[in-house]
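Remarks on the structure that follows.
The values are calculated or read from the model by the stated rules, or taken from the named source; none is laboratory data. Bear in mind that the values here come from a model prediction, so they are computed numbers and not experimental data. With ideal geometry, Cβ positions are generated from the backbone for all residues, glycine too; neighbour counts draw on all protein chains shown. Surface areas here come from the heavy atoms of the whole protein model, side chains and all, with no ligands, DNA or RNA. Shrake-Rupley method; radii C 1.70, N 1.55, O 1.52, S 1.80 Å.
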Amino acid sequence: MIGHILKLIWNKKGSNALMILEIFLSFLVLFSVLAYVLFNLERLNAPLGFETEDRWIVSLDNLHTLDSIDRITTLKNLESELLSLDEIESISFTNNITPFNGSTWSTGNDENGFDFHCLIVPVDYNLAKTIDLKLTEGRWYNEEDKNATIEPMVMNKAFKDKYYPEKSMIDSILIMSEEDHKFIGVVEAYRYKGEFEENYPTLFINEKFGENYDSVILKMKPGTTTAFEEKLSKVVNGTTKRTGNVIANLDKERKEDSQESWMMFIALLSVCGFLCINVALGLFGVLWYNINKRKSEIGLRQALGAHGVDITKQFILEIMILTMFGLIIGIFFAVQVPLLDLTEFEDSMFYKAIGYASLIILTLVFICALFPSIQAAKITPANSLHED
């Protein structure tokens, strides 16, 4: 039967070429969208590295205008006032590099025998416990580090995996801006740029008290409501003698930061859905047209002893073989992406996208071919001769 079907396909190569082209283009679009979706879902499912629930952040208003002594005094008073509130469990002062605000600081050099490039996050002793950073090795900063002869430093796992794979770097030295730093710990992740952002190699640099004065992150007691914002605002404004301080919920900031990515998800999936519907309608129409044109052929085959199931199998096999031709061409082009390393993304993601896109196309085509093929099997020799 396969040989007979291939001969039929070749005899109608002009019209079949258009169907193969449609399958090919549909596969490429579906492959591209699925690769994008899988890539972002992988990031979404990766650990953020810190907690956002019951965490608030206060952006402090222009404390840089104060001299260093007044600024330290103001921050100490603010720390005391905030920790005296029953609703607050812990606080951490930071600069403007805070979760989901878009600010970054990067550095790199080649003074260690290799080139490295990473993000820098200035921190204090309390950041780890305030946002529950998860340490996988070593420790976080403590008060004893004030007297360290070599500046301590914490890295994230992405930094370790990229530059020091498969070995511990605790107590090892890294030259930073011609100054030595000693690694004391490794955190699982700190994807502060957003939950759809990758886990960039990151180093945490401890800053002296008073040097982080742009924001303060608060760990609230579970269940603290937004009604507490008014009281908190009075405390912060009264202590800093500034009225431009802004209070935000870190979990809300995380969700708002992800909205644009989710909108892109929805738009692309809608395009895919629309594409699949159009492909299905097109295939359905083509198959019905072919059946109507080939009623005499169907009647002749049945007169020669073919059963209804044979007719159904013939039409389904025809469309599935055409689909395979289109998919083979599409897979040939799609597989070049991982083989030629055209992107920095993992190859497995593209192979998954190829597999899922092929499965979706084959399933869609089979469903679209099934009903018209069953209808074709119901045509009798008498009906076909009567219509002729």
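Give the distance, in whole Å, between the Cα centre of the range 332-369 and the Cα centre of the range 259-279.
That distance is 17 Å.
Of R55, R71, which has the most accessible area with a 1.4 Å probe, and how do the rest follow in descending order?
So the residues, ranked largest to smallest area, are R71, R55.
Using a basic spin-label model with each label point 7 Å from the Cα along Cα→Cβ, how many nm lie between D251 and T343?
In this crude spin-label approximation the distance works out to 3.2 nm.
Short version: ³J(HN,Hα) in whole Hz for each residue of the range 325-333, in order, from phi by Karplus 6.51 cos²θ - 1.76 cosθ + 1.60 (θ = phi - 60°), x for Gly and Pro, what are they?
4, x, 5, 4, 5, x, 5, 4, 6
Taking a probe of 1.4 angstrom, what is the accessible area of I247 in Å², to the nearest 10?
Estimated to the nearest 10 Å², I247 gives 40 Å².
At 0.36 nm per residue, and after removing the present C-alpha to C-alpha distance, how many nm does the segment from E179 to T107 gain when stretched out fully?
Length gained between E179 and T107: 24.6 nm.
Take T226 and F332, extend 7 Å from each Cα along the Cα→Cβ direction, and tell me the distance between the two endpoints in nm.
In this crude spin-label approximation the distance works out to 5.8 nm.
Going 7 Å from the Cα of K352 along its beta-carbon direction, which residues of the range 39-53 have the amide nitrogen within less than 15 Å of the resulting point?
39-47
What does the accessible area of Y36 come to, in Å² to the nearest 10, when a probe of 1.4 Å is used?
80 Å²
How would K162, K208, K231, K182 line up by accessible area, probe 1.4 Å, largest first?
Result of the area sort, largest leading: K208, K162, K231, K182.
Tell me, what is the FRET efficiency for K76 and I266 to the nearest 0.05, using R0 = 41 angstrom and their Cβ-Cβ distance as r?
For R0 = 41 Å, the calculated efficiency reads 0.30.
Check each of the GluC sites (Glu not before Pro) in the range 152-185 and keep only those in coil by DSSP with at most 10 other C-beta atoms within 10 angstrom; list them in order.
The qualifying sites are E166, E178.
Measure off 7 Å from each Cα along the Cα-to-Cβ vector at L41 and I150, then give the distance between these two points in nanometres to one decimal.
Reported label-point gap for L41 and I150 is 4.5 nm.
Pulled fully out, how much extra length does the chain show between D115 and N142, if you take 0.36 nm times their separation in residues and subtract their Cα-Cα distance? Each step should come with its number before you reach the end.
Values: separation 27, 0.36 × 27 = 9.72 nm, distance 2.97 nm.
That pair, D115 and N142, stretches by 6.8 nm at full extension.
Can you tell me the dipole magnitude for the range 147-258 around its Cα centre, using point charges on the Cβ only (Lys, Arg +1; Asp, Glu -1), in Debye to the nearest 20?
The dipole of the range 147-258 has a size of about 540 debye.
Within the range 142-164, whose backbone N sits under 16 Å from a point 7 Å along Cα→Cβ of S172?
153-164
Using a 1.4 angstrom probe and counting only protein chains, how large is the accessible area of M155 in Å², to 10?
Using a 1.4 Å probe on the heavy atoms, I get roughly 0 Å².
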